[in-house]
Amino acid sequence: MNPLAERPSEFDELLQSLLGRCAAADSIALQRLYELVSPILFACVTRILRRRALAEEALQDVFISIWQQAGQFTAARGRPMAWMMSIARYRAIDLMRRERFAPMLVAQPPEHRASDAEPESEGSSAAWLPSAELMQRCLALLSDQQTHCLELAFVEGQSHENIARLMDSPLGTVKSWIRRGLRSLRQCLES
Amino acid sequence: MKPDNPEVIDRLAAEYALGTLRGPARRRFERWRASTPFVDQRCRFWEERLMHLAKGLTPVQPPAHVWPAILRRLNLTTRQPVLRRIRSFALAASVLLVVGVAALVYWRSLPAIRATAVATISAKSGEHVWELEVFGKENRLVAHAAKLPARLPGSDYELWALPKGAAPVSLGILPAAGASSRPLTAIQKQALALSSQVAVSIEPLGGSPTGQPTGTIVYVAPLRAPS
């Protein structure tokens, strides 16, 4: 394991501090948090839900959850950005279920594929996510199909069935790509 | 029955974090996570690692009415005494500047994907109808619908590559609204590489039944390098 992976960055510490203040019912801290992270969380839920009004509802729900659950977050629970992004993604997935719709069978325009990224150096601007270098190295070990499946599921909220249709591949093959991709990632990340 | 094999728990945690664990299984897993520290720990492991898959997301500023709606739902206010507000503003501005720049640099620091060819399909009036972007490296074609003319019922607009010295090659149905993004096959990619123009024909719903244009060619546009 990369020893740097467990070192919180300044950005992590700022987010942790704001979450701590939210837990103490400081609404100004929630506003600062909103200013800092709402654009990426809104992009995240919009990408999954594809409906502007529903994405706005999801974002409201996310910040209400953050406010209500801030007291449960501690640095020992991991990185605050991962915690908040999980709240956002899971809320979007729940809303998809509630609204009984599946994401459109159209992949979004490629902005940037995580797997294409160059590994980040320790001193780079992205060093506030220190485990990124290791993760990029591990992602690079996956096949194109495995990476594409993981991206469609994680970023776009696509189900196994939709991924199979989008990739024009049998469902069993897609499930196998995902399962093996995740297994390879785990082996690489924990080696 | 809940599995007690760590490998199985880890696999379920990974699929949960990825989002492919769905339906009642997802609900059961969430309850299990809430009561089982090991399951929670494996979920957090995956949530942190898989977050890197979202690096390509471009931040989107939410509409201005979302924040007041959150405050209303929480019955909160962010008003402060004037002096404290000024002091807070100065402090926040400096912190936000540093963090905002760092966050922006982070999300933008990775190499951007650029289109390798673009085309603007315009009506005779000059109004843009579709904007096309070809991402050669990613084998992907993105079409943005702009202002579409009225469409005949039961018809679709189909896009064609016009390779020199060869028959047109279908690039698929164009979106009636919004954007579409579709992977390019090797044949489509090759046809685009040999084309200096693309064309749009009116076809039956779902596209040409023959693999060649059967309806009127309504637009032809040059493919060009992105500016």
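The values are calculated or read from the model by the stated rules, or taken from the named source; none is laboratory data. Model, not experiment: these values are computed from the prediction. All Cβ positions, glycine included, derive from the backbone under ideal geometry; neighbour counts span all protein chains shown. Just the protein is used for accessible areas: all its heavy atoms, side chains included, with ligands, DNA and RNA removed. Shrake-Rupley method; radii C 1.70, N 1.55, O 1.52, S 1.80 Å.
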Only residues in the range A:164-191 that are without any contact (Cβ under 8 Å) to a residue 60 or more places away in the chain and farther than 22 Å from residue B:138 by Cα count as the first member; pair them with residues that are part of a helix (DSSP H, G or I) and open to solvent by 30 Å² or more (accessible area, probe 1.4 Å), Cβ under 8 angstrom, at least 6 apart or cross-chain, and list the lot. A:171/A:161; A:179/B:11; A:182/B:11; A:183/B:11; A:188/A:137
Within the range A:17-41, of all residues that are assigned to a loop (DSSP other than H, G, I, E, B) and at the interface with another protein chain (Cβ under 10 Å from one of its Cβ atoms), the one surrounded by the fewest Cβ atoms within 10 Å (Cβ to Cβ) is A:25
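Specify which of the listed residues (A:14, A:95) is surrounded by fewer than 23 Cβ atoms within 10 Å (Cβ to Cβ) and in contact with an Asp or Glu (Cβ under 8 Å, 6 or more places away or on another chain).
Working: A:14 fails: in contact with an Asp or Glu (Cβ under 8 Å, 6 or more places away or on another chain).
Exactly one residue qualifies, and that residue is A:95.
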Among the residues of the range B:41-80, write down those that are open to solvent by 20 Å² or more (accessible area, probe 1.4 Å), within 22 Å of the chain's Cα centre (by Cα) and among the hydrophobic types (A, V, I, L, M, F, W, C). B:60
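Considering only strands (runs of 3 or more DSSP E) fully contained in the range B:152-214, which possess at least 2 residues that are open to solvent by less than 50 Å² (accessible area, probe 1.4 Å) and farther than 19 Å from residue A:168 by Cβ?
Values: elements: B:155-163, B:169-173, B:179-183, B:195-204.
Of the strands (runs of 3 or more DSSP E) lying wholly inside the range B:152-214, those with at least 2 residues that are open to solvent by less than 50 Å² (accessible area, probe 1.4 Å) and farther than 19 Å from residue A:168 by Cβ span B:155-163, B:195-204.
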What residue, among those in the range A:1-11 that are open to solvent by less than 90 Å² (accessible area, probe 1.4 Å) and within 11 Å of chain B (Cβ to nearest Cβ), is modelled with the lowest pLDDT? A:5
Test each condition in (1) within 29 Å of the chain's Cα centre (by Cα); (2) part of a helix (DSSP H, G or I); (3) at pLDDT 90 or above for residue B:32 and report the one that comes out false. (1)
Looking across the range A:49-92 at residues that are more than 7 Å from every other protein chain (Cβ to nearest Cβ) and not in a helix (DSSP H, G or I), the single one that is least open to solvent (accessible area, probe 1.4 Å) is A:73
